[in-house]
Amino acid sequence: RCCPLSPTGAQTTQLLVQPPWTPAVLWDGVTLTCQGSGTAAATTWYKDCQRLGQEGHDSFIVNKNGTYSCYRPGTGLSSYVRVLDDWLVLQVPAQALLEGDTATLRCRG
């Protein structure tokens, strides 16, 4: 793996995306927020498995496409969020969906 491992059996770090659609697209002005134990100062951000210079902030506005994640020492590594710079995107709500749930899809360009 290219990023730190999450502690076994621990509560996980959450990576929230605004607006809440996935995949996220740059032209939406995407903001990522890292939630986990500890303070914002303990946050480490990764883009495409490379450490970013965004340490000490629990959120930031994305300005480049790529795959993002964040790390908090107490709760570990978040799941990944892909941010695209495509012309046409089919999006689903950025929330957990279970089989049988009704979901609104949107096609945007």
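Nonpolar atom fraction for the chain, defined as the carbon and sulfur part of the 1.4 Å probe accessible area, stands at 51 percent. Near Gln35: Cβ cut-off under 9 Å, other residues only, Lys/Arg at +1 and Asp/Glu at -1. The net charge is 0. Seen from all directions on average, the chain presents a Cα convex hull projection of 7.4 nm². Hey, what did the range 14-88 get for relative contact order, percent, Cα under 8 Å, at least 6 apart? Reported as a whole number, the value is 36 percent. For Ala94, the amide hydrogen comes within under 5 Å of the amide hydrogens of Trp21, Thr22, counting only partners 5 or more places away or on other chains and with H modelled in the peptide plane. Summary of packing: across the peptides 74-81, 95-102, the per-residue average of other C-beta atoms within 10 Å ranks them, highest first, as 74-81, 95-102. On a per residue basis, the chain carries 60 Å² of accessible surface, using protein heavy atoms and a 1.4 Å probe.
The values are calculated or read from the model by the stated rules, or taken from the named source; none is laboratory data. Nothing here was measured: the structure is a model prediction, and the numbers come from that model. A quick note on method: Cβ atoms are made from the backbone with ideal geometry, for glycine too, and the neighbour counts reach across all protein chains shown. Remember, those area values only see protein heavy atoms, side chains included, never the ligands or the DNA or RNA. Shrake-Rupley method; radii C 1.70, N 1.55, O 1.52, S 1.80 Å.
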